[in-house]
Amino acid sequence: MLSGIRILEFEALGPAPFAGMLLADLGAEVIVIHRPGAPDTPGKAETSLLDRGKRSMTLDLKSDADRATAQALIRSADGLTEGLRPGVMERLGLGPEVALGLNPRLVYGRMTGWGQDGPRAAQAGHDLNYLGLSGALFYAGLPGQVPGVPPTLLGDIGAGALYLTVGMLAGLLRARETGLGTVVDAAIVDGASHMMALLLSMGPHFSTATRGRSLLDGPHWSRCYACADGRHISVQCLEPKFYAAFLERMGLSADPDFAAQFDTARWPGLSARLERIFGRLPRAHWQDLFAGSDACVAPVLSPDEAMADPHIAARGIWQDGAPAPAPRFDGAVSRPGPPPDRGDDTAALIHELKEKGLL
């Protein structure tokens, strides 16, 4: 879908390379500029799944010659992404002002936790901190318990990488129409706050002040339950027709206590009852009981279990131990190239730049 689009990605952590992987999965030519030498992150491999489908070049951006190569690449690119702290790219002589001077059509994407400005812009932070400050973490957990630690997918990927990707695509569309580039300031705290619009749209059924009283963190029909074998089952039957299907499968349709789905005063007691019921039998029993129903019940699977699930397998969501690209176009599942070794394409890219008269 993005064939013919060239994105220059400067090596960073987490959400920025994920955005680059997504753009590469969609068909863009993504060139990742790796720092010379081994990765400086403990435990990080020489090759990364997030680099799949990309080309790799190693440049020392403190070197005049390598910085000139980076500038030549900028002149050849449609977009650029970086995930460094505010001011770092400017100090390297590769900030937005310089880059757009070299290439006025460039879409310059910046990925940070706190944003390019504001009192916290220069501070370190991680996924949990950005979610905490945005208000999103307030609802992560059951009433009476401390907020849980969601997977970094929620902040780094949902509020970060995906917002950066959308911003890049919007900028590329405008550049194609007008010839004008732009700077995309994608901050995880911004994205997490923006995603709160879904919760706030629930109006009277959503509390912004008290945990355990909104539709997503309080009801007995919106949580996970432990089963007899120590595994878990997820229940989230929000709409009354799905709630009715849930009660029918559970044999609780005639129980008057369960009839008032939205009576917040009943939620704690009904949750305790369901805890006891689900705790009597293993997860496999509940999976079989709800199979094929619209009760909105599903098992909580480990990643290994998820790969073997019939639905996941039927859709080919995992390929060779890695998640397949998403979304799909015309129903087809694409197969990205493997991640390159660091610097694999350095010589070839320098040759291309020289052939085009850019270097």
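The values are calculated or read from the model by the stated rules, or taken from the named source; none is laboratory data. The shown structure was predicted, so the numbers you read here are calculated from the model rather than taken from an experiment. Note that each Cβ is placed from the backbone with ideal geometry, even for glycine, and that neighbours are counted across all protein chains shown. Areas reflect the complete protein model, heavy atoms only, side chains present, ligands, DNA and RNA absent. Shrake-Rupley method; radii C 1.70, N 1.55, O 1.52, S 1.80 Å.
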The residue from Asp294, Asp288, Asp217 that alone is of a type in the set (Asp, Glu) and either modelled with pLDDT under 95 or under 30 Å from Phe18 (Cβ atoms) (or both) is Asp217
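Looking at the structure I just gave you, is Gly337 open to solvent by less than 50 Å² (accessible area, probe 1.4 Å), on the phi > 0 side of the Ramachandran plot and not in a helix (DSSP H, G or I)?
Values: open to solvent by less than 50 Å² (accessible area, probe 1.4 Å): yes; on the phi > 0 side of the Ramachandran plot: no; not in a helix (DSSP H, G or I): yes.
No, not satisfied.
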Going through segment 64-123 one residue at a time, which ones are out of contact with any strand residue (DSSP E or B) (no Cβ under 6 Å at 6 or more places or on another chain) and of a type in the set (Lys, Arg)? Arg67, Arg75, Arg85, Arg91, Arg105, Arg120
Taking the criterion of being over 30 Å from Thr210 (Cα atoms) and open to solvent by 80 Å² or more (accessible area, probe 1.4 Å), would at least one residue in segment 130-146 satisfy it? no
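Would you tally the residues in segment 214-247 being hydrophobic (A, V, I, L, M, F, W, C) and touching a Pro at 6+ places or on another chain (Cβ under 7 Å)? Can you show your working first?
Residues of segment 214-247 hydrophobic (A, V, I, L, M, F, W, C): 215-216, 221, 224, 226-228, 233, 235, 237-238, 242, 244-247.
In the following step, the residues that additionally are touching a Pro at 6+ places or on another chain (Cβ under 7 Å) were identified as 227-228, 233.
Residues in segment 214-247 being hydrophobic (A, V, I, L, M, F, W, C) and touching a Pro at 6+ places or on another chain (Cβ under 7 Å): 3 in total.
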Go through (1) over 30 Å from Gly357 (Cα atoms); (2) buried (at least 21 other Cβ atoms within 10 Å of the Cβ); (3) of a type in the set (D, E, K, R) one by one and return the number of the condition Arg120 breaks. (2)
Taking segment 88-117 and keeping only residues that are closer than 19 Å to Pro17 by Cα, open to solvent by 10 Å² or more (accessible area, probe 1.4 Å) and without any contact (Cβ under 8 Å) to a residue 40 or more places away in the chain, one is left with Val88
Assuming Lys354 fulfils every condition listed in (1) surrounded by fewer than 15 Cβ atoms within 10 Å (Cβ to Cβ); (2) in contact (Cβ under 8 Å) with a residue 12 or more places away in the chain; (3) of a type in the set (Lys, Arg) apart from one, which condition is it? (2)
Pairing a residue in segment 7-27 that is more than 15 Å from Ala324 (Cα to Cα) with any residue that is basic (Lys, Arg) and surrounded by fewer than 24 Cβ atoms within 10 Å (Cβ to Cβ), where Cβ atoms lie under 8 Å and the two sit 6 or more apart in sequence or on different chains, gives Glu11/Arg35
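Restricting the search to segment 170-205, which residues are of a type in the set (Val, Ile, Thr) and crowded, with 19+ Cβ neighbours inside 10 Å?
Looking only at segment 170-205, we keep the residues that are of a type in the set (Val, Ile, Thr), and these are 178, 182-184, 188-189.
Correct list: Thr182, Val184, Ile188, Val189.
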For segment 250-309, what are the residues that are basic (Lys, Arg), in a helix (DSSP H, G or I) and either open to solvent by 40 Å² or more (accessible area, probe 1.4 Å) or touching a Phe, Trp or Tyr at 6+ places or on another chain (Cβ under 6 Å) (or both)? Arg266, Arg273, Arg276
Looking at Gly141, Gly148, which one is on the phi > 0 side of the Ramachandran plot and outside any helix (DSSP H, G or I)? Gly141
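Suppose the filter is modelled with pLDDT of 95 or more, in a loop (DSSP other than H, G, I, E, B) and not hydroxyl-bearing (Ser, Thr, Tyr); does Gly230 pass it?
Working: modelled with pLDDT of 95 or more: yes; in a loop (DSSP other than H, G, I, E, B): yes; not hydroxyl-bearing (Ser, Thr, Tyr): yes.
Here the answer is yes, as Gly230 does meet what is asked.
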For the list (1) of a type outside the set (Ser, Thr, Tyr); (2) closer than 20 Å to Ala348 by Cβ; (3) in a loop (DSSP other than H, G, I, E, B), I need the number of the one condition that Ala72 fails. (3)
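Condition first: open to solvent by 40 Å² or more (accessible area, probe 1.4 Å) and farther than 19 Å from Gly148 by Cβ. Now tell me which residues in segment 218-249 satisfy that.
The first filter runs over segment 218-249 and keeps only residues open to solvent by 40 Å² or more (accessible area, probe 1.4 Å), leaving 224, 226, 228-232, 236, 238-242, 244, 248-249.
Once the filter is applied, which keeps residues that are open to solvent by 40 Å² or more (accessible area, probe 1.4 Å) and farther than 19 Å from Gly148 by Cβ, segment 218-249 yields Ala228, Asp229, Leu238, Glu239, Pro240, Lys241, Phe242, Ala244, Glu248, Arg249.
Report yes if Thr69 is more than 30 Å from Pro151 (Cα to Cα) and either crowded, with 16+ Cβ neighbours inside 10 Å or touching a residue at least 12 places away in the same chain (Cβ under 8 Å) (or both), otherwise no.
Numbers: more than 30 Å from Pro151 (Cα to Cα): yes; either crowded, with 16+ Cβ neighbours inside 10 Å or touching a residue at least 12 places away in the same chain (Cβ under 8 Å) (or both): yes.
For Thr69, the condition - more than 30 Å from Pro151 (Cα to Cα) and either crowded, with 16+ Cβ neighbours inside 10 Å or touching a residue at least 12 places away in the same chain (Cβ under 8 Å) (or both) - is met.
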